[in-house]
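Colleague: Got a structure for you, written out below as structure tokens; questions coming shortly.
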Amino acid sequence: MFFRFIRLVTAILCVAGLWAQEAHAQQRISLIRDAEIETIIRHWATPLFQAAKLDPSGIGIHLVGDKSLNAFVAGGQHLFINTGLLMRAENPGQVIGVIAHETGHIAGGHLIRGQEALRNASTQMLLAAILGVAVGVAGGGGDAAMAILSGGSGVATSQFLHFSRGQEAAADQAGLSYLETTQTSAQGLLEFLEVLQQQDMLHSDRQDAYMRTHPLTRSRVDFVRQHVDRSPYSKTPPSKETARDFQRIQAKLVGFTEPFRTVLQRYPNSDTSMEARYARAIAYYQRDDLERALPLVDDLIQEEPANAYFHELRGQMLFENGRIAESLPSYEQSVRLQPKSILLRVGLARAQLETMDPAQNRPAMEHLHYAVGQERDNPQVWHLLAIGYGREQSYGMSALALAEKAITVGDEGMAAQQATRAQKLLPKGSPGWVRAQDIKIITKGRP
């Protein structure tokens, strides 16, 4: 289920009574969710997290829909990767090298000091803080708020995300050790730094966001090059599986985010590779041409019947073209193949609810309860739960779900309002009533 959470945030920057030049600066950030891409990135990152003695399950991995070359960590345990990095990388080693470097920042605690309030924040609230809304509250202070730099489609960075040269060198050293421990070549990291080095002479406005927040020095590049020269793993190529997954990530992102003509230029009909057909299937579907899209995805399924993401794509194609009932078998098959996938379960639950068949409500709720048990800060899950509870005429729990949704997106007013409504409808002292009370306290709502 490839979709975006798009939030438009108004950043009001007032420091010591002085307003920033753009007092009401509109910033937009797009957070992309996709089960396949997130699974692949986590598969690459997990050995590095383990080498750094970090708990992989405690680190959030997020895809930012931005074409600029960037990746960053925030809130101590959150790794953000721009789609621009994934699409512009020339090989998976470059992406894995960047993940190793960013893991060094996480393990070194480079962004924890002064940000304790954000460590348990929801992803959406964290992104709002990154955009500058809560820089002062988060501990960045006036200097950080005034230092906001715009990158790509408006993903703002500041001292809130800015590393020192010393921290960069430390992250390099740590990242190289993780790559060595996992017997992974650091050639990709070197190539990435060499790409950045070419931007060194450009004006800051023309540099990629990664360059502005991760200061580069010649000594850093030399240090990584020396490691590559002596490491026994430098010439070890990525596995066939890693190379295949990288090609599919790029094909999927191109298919979903680039204009139709661009997709066909990169993946012409003469290209019969798996990833090319994948990209074209998505592009035709994006163009509402199911007559061409469905046969392509059916061919992919025939070649790889155990690929849950091909079945998911087929379900999404049918669902979003109003063929709800037809989409269910594809969604169901995707979940059978990957039953632990939160996003696949959410996709199936959404389709089940949209059938308006009362018999589908209970299985939909089972999938949603599983999802929210694993990922509480997903606003779409809470939204769908509210619908499901409403269908069951459990209006108190429906209101509580809407309150939870509001909490995840930082809308404290709505959260308090729905929590108050939930308490009026739920038995006093019940678990739901107590949770509604907690939300009112969190949001300073009146009991």
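Each value in this text was obtained by applying a stated rule to the coordinates, not by laboratory testing. Please read all numbers here as calculations on a predicted model, not as lab measurements. Quick reminder, even Gly has a Cβ in these numbers, built from the backbone with ideal geometry, and neighbours come from all protein chains shown.
Colleague: Around residue 64, which amide H atoms from residues at least 5 apart in sequence, or from another chain, sit under 5 Å from its own amide H, with H modelled in the peptide plane?
Modeller: Amide H neighbours of residue 64, under 5 Å, 5+ apart: 32, 81, 82, 83.
Colleague: Report the extension gain between residue 336 and residue 265 in nm, rounded to one decimal, defined as 0.36 nm multiplied by the number of residues separating them, less their alpha carbon distance.
Modeller: Values: separation 71, 0.36 × 71 = 25.56 nm, distance 3.55 nm.
That works out to 22.0 nm of additional length.
Colleague: As a footprinting exposure proxy, order 105, 78 by other Cβ within 10 Å, with the fewest listed first.
Modeller: Numbers: 105 26, 78 21.
By the 10 Å Cβ count, ascending, the order reads 78, 105.
Colleague: Could I ask something else about it? Which values of log₁₀ I(q)/I(0), to two decimal places, follow from the Debye formula for region 337-447 at q = 0.15, 0.19 Å⁻¹ with a uniform point scatterer at every Cα?
Modeller: The computed values of log10 I(q)/I(0) come out as -0.61, -0.91.
Colleague: What is the extension gain from residue 362 to residue 198, computed as 0.36 nm multiplied by their sequence separation minus the C-alpha to C-alpha distance, in nm to one decimal? Write down the numbers at each step before the final one.
Modeller: Working: separation 164, 0.36 × 164 = 59.04 nm, distance 5.64 nm.
Here the answer is 53.4 nm.
Colleague: Given the pairs 340/428; 252/340; 67/252, which are separated by over 24 angstrom at their Cα positions? Walk me through the intermediate numbers first.
Modeller: Working: 340/428 35 Å; 252/340 22 Å; 67/252 14 Å.
Table pairs above 24 Å Cα-Cα are 340/428.
Colleague: What whole number of Å gives the distance from the Cα centroid of region 34-48 to the Cα centroid of region 410-447?
Modeller: The distance from the Cα centre of region 410-447 to that of region 34-48 comes to 36 Å.
Colleague: Another one. Spin-label point model (7 Å from Cα, Cβ direction): what's the residue 425 to residue 43 distance in nm?
Modeller: 4.2
Colleague: Round to the nearest 0.05 the FRET efficiency obtained for residue 57 and residue 444 when R0 = 25 Å and r is the Cβ-Cβ distance. Kindly include the intermediate steps, with their values, before the conclusion.
Modeller: Working: r = 32 Å, r/R0 = 1.27.
Calculated transfer efficiency: 0.20.
Colleague: Starting from the Cα of residue 183, step 7 Å along the direction of its Cβ; do the same at residue 240; then give the gap between the two resulting points in nm.
Modeller: 1.8
Colleague: Give me D for region 257-323 in µm² s⁻¹, whole number, from Stokes-Einstein with Rh from the Kirkwood sum over alpha-carbon pairs, 4 °C and 1.567 mPa s.
Modeller: Working: Rh = 11.9 Å.
This corresponds to a translational diffusion coefficient of 109 µm²/s.
Colleague: In what sequence, highest mean first, do 92-104, 56-68 appear when ranked by Cβ atoms within 10 angstrom? Could you put the intermediate results ahead of the total?
Modeller: Working: 92-104: 25.7, 56-68: 18.1.
Ranked from most to least packed, the peptides come out as 92-104, 56-68.
Colleague: Given a Förster distance of 22 angstrom, what is the FRET efficiency for residue 355 paired with residue 393, based on the Cβ-Cβ distance and rounded to 0.05? Intermediate values should be presented prior to the final figure.
Modeller: On the way: r = 18 Å, r/R0 = 0.83.
Plugging the Cβ-Cβ distance into 1/(1 + (r/R0)^6) gives 0.75.
Colleague: Still on this model: Which peptide among 285-297, 336-348 comes first, and what is the full order, when sorted by highest mean count of other Cβ atoms within 10 Å? Before the final figure, lay out the partial values.
Modeller: Working: 285-297: 16.3, 336-348: 21.2.
Highest-to-lowest ranking by the protection proxy: 336-348, 285-297.
Colleague: To continue, here is another question. For the residue pair residue 320 and residue 88, what label-to-label distance in nm results when each label sits 7 Å from Cα along the Cα-to-beta-carbon direction?
Modeller: 2.5
Colleague: If you count, for each residue, the other Cβ atoms within 10 Å and average over each peptide, how do 324-335, 260-271 line up from highest to lowest? If you can, show how the numbers build up before the last one.
Modeller: Numbers: 324-335: 20.3, 260-271: 13.7.
Per-residue Cβ counts within 10 Å, averaged per peptide and sorted highest first, yield 324-335, 260-271.
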